[in-house]
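One structure is given here, and the rest of the page talks about it.
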Amino acid sequence: MIHFNVPPFVGTEFIYMKEAVENHKICGDGPFTKKCNEWLEKKFNAKKVMLTTSGTSALEMAAWLCNLQPGDEVILPSFTFSSTATAFALVGAKLVFVDVRPDTMNIDEKLIEKAITPKTRVIVAVHYAGVSCEMDTIMDIAKRHNLKVVEDAAQGVMSSYKGKALGTIGDFGCYSFHETKNYSMGEGGAIVINDESAIEKAEILREKGTNRSQFYRGQIAKYNWVDWGSSYLPSDLNAAYLWGQLNEADKINDNRLATWNEYNKAFKPLEEKGLVELPVIPSDCVHNAHMFYIKCRTLEERTAYINFMKENDILCVFHYVPLHSAPAGLKFGRFFEEDKYTTSESDKLVRLPLYYNIEKADLEKVIAKTLEFFNK
């Protein structure tokens, strides 16, 4: 079976994990956690980055840092993973789902302003497939209405918008280093703090409600419990694993982009015949080849394609079931106006195998069988 995903592995991860053990520091905020934080800050020109236990944890921190109160409203797309929504539902916010653009599957920035009410406090920009939302428009709306912007850049590490790294544009950015992402620590993530006034609160929140970070910097004589918090610190073993990959970040990115470009080139003739739709990368965006998807003409055709590929030992998968149609979506939110594209477009989308160092023969087989299915 040609897998849909194989977690990235560059070969140095275990060396760094052994070093972490020899440091006698494998809990949170050890040397490798700090190395990863500093690498991300320097690479992406970010004010402050903190590794977390997951992308979900990063989103939860962002929700708390937005100072939301029960009943406050958060605008977000329905075409996203449950973590995007549940982080804000956790603090009592009401979710307002807005339709997506059919070209990028990102939130339709032209619909956001109409969805704003006196209760709106936050806009969540989910960068689907590592392709940026239209951030200039979103940031302009947020500024005029005094709203916070949280970037769900779980899929967007190494992607950018007009030269700015995704996650560094809004008030807060959230990354994921889950095994399905371009760079992995098994389970893990990071929060990017772009609002400097929130850094101290974020440190306290992440350190179980204590001001331990200030203590370690020598700013206070002893640390204490000062506010609400949780344990969002990943093990330094996980950070050591990630460190090996961050050192090879450009190599991994180039490898994935090469695979993405092979797919795109091979399937252009299918698109020209009107048989499939391919991903759209707006001119202002640089993507990270997080995924390659095609859109079939119907749900039935997608089902037939997935089954055909599986019969040929190739695992292709669909993606999100829109959150507004899920039991929790109905409980915690509402869809703004018309669902013109969210459901219909998600019903047609299918993702192809794409991971670091995919075998050339496997890539060629995926391409050949896809062409066979759609050309017959």
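Coordinate-derived values only; no laboratory data. No experiment lies behind these values; they were computed from the predicted model shown. FYI the Cβ positions are ideal-geometry reconstructions off the backbone, even for glycines, and counts take in every protein chain you see.
Here each label is just a point 7 Å from Cα along the line to Cβ, and for residue 217 and residue 18 those points are 3.6 nm apart.
Normalised by the number of residues in the chain, the mean separation of alpha-carbon contacts (under 8 Å, six or more apart) gives a relative contact order of 23 percent. Taking 337, 109, 22 in turn, the Gaussian network model of the chain (Cα-Cα springs below 10 Å) assigns the largest fluctuation to 22. Stretching the chain fully between residue 67 and residue 230 yields a gain of 57.1 nm (0.36 nm per residue, less the alpha carbon separation).
Using a Gaussian network model on the chain with a 10 Å cutoff between Cα atoms, which of 28, 167, 209 fluctuates the most? Result: 209 has the largest fluctuation of those listed. In vacuum, with every alpha carbon of the range 55-176 counted as one equal point scatterer, what does the Debye formula give for log10 I(q)/I(0) at q = 0.10, 0.15, 0.18, 0.20 Å⁻¹? Two decimals, please. Each listed q corresponds, in turn, to -0.24, -0.56, -0.84, -1.07. Between residue 334 and residue 114, the C-beta separation translates, for a Förster distance of 22 Å, into a calculated FRET efficiency of about 0.95. Peptides 67-73, 119-125 ranked from most to least packed by the mean count of surrounding Cβ atoms within 10 Å: 119-125, 67-73.
Where is the GNM fluctuation largest for the chain (alpha-carbon springs, 10 angstrom cutoff): 339, 347, 171? It is 339. When only alpha carbons are used to place a centre, the range 166-237 and the range 242-316 end up 33 Å from one another.
In this simple spin-label approximation, residue 312 and residue 140 carry label points 7 Å from Cα along the Cα→Cβ vector, and these lie 4.6 nm apart. Between residue 91 and residue 247, full extension at 0.36 nm per residue minus the direct alpha carbon distance yields a gain of 52.5 nm. Where the alpha-carbon atoms of the chain are placed on the principal axes, they occupy 74, 53, 36 Å, in descending order. From largest to smallest, the equivalent ellipsoid semi-axes obtained for the range 248-376 from the alpha-carbon gyration tensor read 27, 20, 15 Å.
Classification of the range 240-290 by its C-alpha gyration tensor yields a prolate form. The axis ratio a/c (a ≥ b ≥ c) is 1.5 or more, and a/b outweighs b/c. Between the alpha-carbon centres of the range 1-72 and the range 84-152 there is a gap of 24 Å.
Mean residue ellipticity at 222 nm, helices only, the chain: -12000 deg cm²/dmol; runs of at least 4 DSSP H residues each add -39,500 (n - 2.57), and the sum is divided by the number of residues.
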